[in-house]
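A quick write-up on the structure given underneath.
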Amino acid sequence: MKGEKIMNGAFKVGIYLRLSLKDLEDGKSESESISNQKDYIMEYAIKNDLEVVETYIDDGVSGTQFDRDSFNRMLKDIDDKKINMVITKDLSRLGRNMAQSMIFATEYFPKKNVRYYAISDDYDSFDKHKDNNKLMLKAMLNEMYVEDTSKKVKATLNSQKKLGKFMGGTVPYGYKKNIPYDKHELIIDEEVAPIVRRIFNMAKSGMGIKAISDTLTDENISSPSVYKGKVYKNPTMTYGLWQSSTIRDILQNPTYIGNLAQGKQYKVSYKMKYRRRNAKEDWIVVEGACPAIIDKETFEIVQNMADKNKNNYGKEIPYLFRGFFYCKECGHKMGIDRSRYTKANGEYVEKEYCICSLYKKYSKRGLCTNHKVNYYELENEILKDVRKQCKKYVKTNNFEELLKQNDKTLKLKVDFENQISRLENNIKLQDTYIDKIYKDKLKGIIDEEMFLRQYNNLTQEKTKLKNDKHDLELKLYQLENKLNSKDNSQYINIINEFLKLKTPNRELLSTIIDRITIDNDKNIEIKYNFKSIF
């Protein structure tokens, strides 16, 4: 088969068969049409050592719609992990609505990590080098229509926005739609507008964004998402808390001085829901399109203060392990922070430490714990461990030493080759058994159920033998060729370069280390990018 090789008999096949209404009108029987499809696919499955788990038949159901009993049962079995490969005779058997068929073939099945193969069309969703041109041509007209419609809708929405009409779904916090009179007109929501004014006044007085969000949370004031009754399928640990990003968006929104701002985000593609932020200059802003909650003077003062605060943190210290740390408890990144204080004797002290970013942001909420670790002590400890592991790697992967005893190595090589030969003979034997039961099925000696049961048992045994053979071939390859392995020599060179340096650079360390996790007891776990070969 084309595509990726999945070992250990990982493909559990579902055969999908469909008989069209036109076939029934032409007088074709189920045994002729469906059976021909089934036999065609089974021959392919046998040839490729595939285990057939289930057969799904939609008899006399139109291919233009996808709400079919057996098709829905197949989707459920995919969700239940019963099957992870679907085979049809061709793409039209999946459906005759080509746009929808393409969604299943190129989006749904890959998203579910299910392999889809249409035999006659030679379409394999797992083929990394597949050419989707044929598939694209079948759905091109529908795609062009959808895209053209999307552009027209977008142009219409933008023209309405430029006229000062609100065309969004979620209104800015502090406003509501003027329903039932005009759903495209915003009016002030007097229930929460005072909170918006208070946010601006707190910012105007010099209070920081985090302090504002903490104050509102402490006072149990409903966040915008809670106030609007938004329900999330998988709410985060911070749901219901006022976010710094929410405060920042409110303080930067010109809508609050009556200049309705829309088009702050855009869809990456008309096929996707994912959205990105638009640059400020690309916003659609219409002056006087809605009532103001904040006066212009207050708004401009807040903007000026924000501009001045942008770069007041000075240059970032180039910590060697910045970005490597993760909290073991909550999974969030751990940042590097500084504390400054003056001792009683007047000595100025500055310390750097690692701290969980979630805890730092919500220290009062109990979302994580305060497991601070002194950064430079941590850096020294990590560098010691890295040097130790690198020396160990170089030592254990010294292949010249491992292969010094040529007699022992040659004996091992011959043993591998003999085992591989025996496995190849057993695999051929399984093929003989499969051919025999298939002929018995065609002759009517055994029924379909008995054939599938025996076929799947033999296929599973054959897959196991092939996997064992593959493992031995890999070991033989390592034994014969690892001395000249480019990957190994590359890591050896990187590690030797690291061991020579008194102070390594971040680029070198990122090649060696994947990530570093720190738990509640300040235990450190380093995940390396390299592993011992044997």
Over 25 Å between alpha carbons, listed pairs LYS462/LYS527; LYS441/LYS462; LYS47/LYS413; LYS176/LYS264; LYS210/LYS333; LYS112/LYS428: LYS462/LYS527; LYS47/LYS413; LYS112/LYS428
Sorted by packing (mean other beta-carbon atoms within 10 Å per residue), highest first, where do 117-129, 72-84 land? 117-129, 72-84
For the stretch 38-48, 3J(HN,Hα) per residue [Karplus equation, 6.51 cos²θ - 1.76 cosθ + 1.60, θ = phi - 60°, Hz, x = Gly/Pro]: 4, 4, 4, 6, 5, 4, 5, 5, 4, 4, 10
For the stretch 74-79, just list the computed ³J(HN,Hα) in residue order, Karplus coefficients 6.51, -1.76 and 1.60, θ = phi - 60°, integers in Hz, with x standing in for Gly and Pro. 5, 4, 5, 5, 5, 4
Just read off the accessible area of SER159 with the full protein assembly in place, 1.4 Å probe, to the nearest 10 Å². 50
How much FRET efficiency would the formula 1/(1 + (r/R0)^6) give for LYS47 and SER421, where r is the Cβ-Cβ distance and R0 is 25 Å, rounded to 0.05? 0.55
So, with points 7 Å from each Cα along the Cβ direction, the ARG197-ARG387 label distance in nm works out to 6.5
Quick one: pull the percent of accessible area on the stretch 160-204 belonging to carbon and sulfur, 1.4 Å probe, ligands and nucleic acids left out. 50
I need the phi-derived Karplus couplings for the stretch 87-95: 6.51 cos²θ - 1.76 cosθ + 1.60, θ = phi - 60°, integer Hz, Gly and Pro marked x. 10, 10, 5, 7, 5, 5, 5, 5, x
For ASP431 paired with ASP295, estimate the spin-label separation in nm (one decimal), with each label point 7 Å from Cα along the Cα-to-Cβ line. 9.0
Convex hull of the stretch 333-391 built on C-alpha atoms - directionally averaged projected area, nm²: 5.7
The percentage of the accessible area of the stretch 43-125 (probe 1.4 Å, all protein chains present) made up of carbon and sulfur atoms, to the nearest whole number, is 44
Starting from the Cα-Cα distance between MET450 and GLU107, subtract it from 0.36 nm times their residue separation and give me the gain in nm to one decimal. 119.9 nm
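The values are calculated or read from the model by the stated rules, or taken from the named source; none is laboratory data. The model shown is predicted, which means the values in this text are computed figures rather than measured ones. Virtual Cβ from ideal backbone geometry, glycine too; neighbours counted across all protein chains shown. Calculation scope for accessible area: heavy atoms of the full protein, side chains included, ligands and nucleic acids excluded. Shrake-Rupley method; radii C 1.70, N 1.55, O 1.52, S 1.80 Å.
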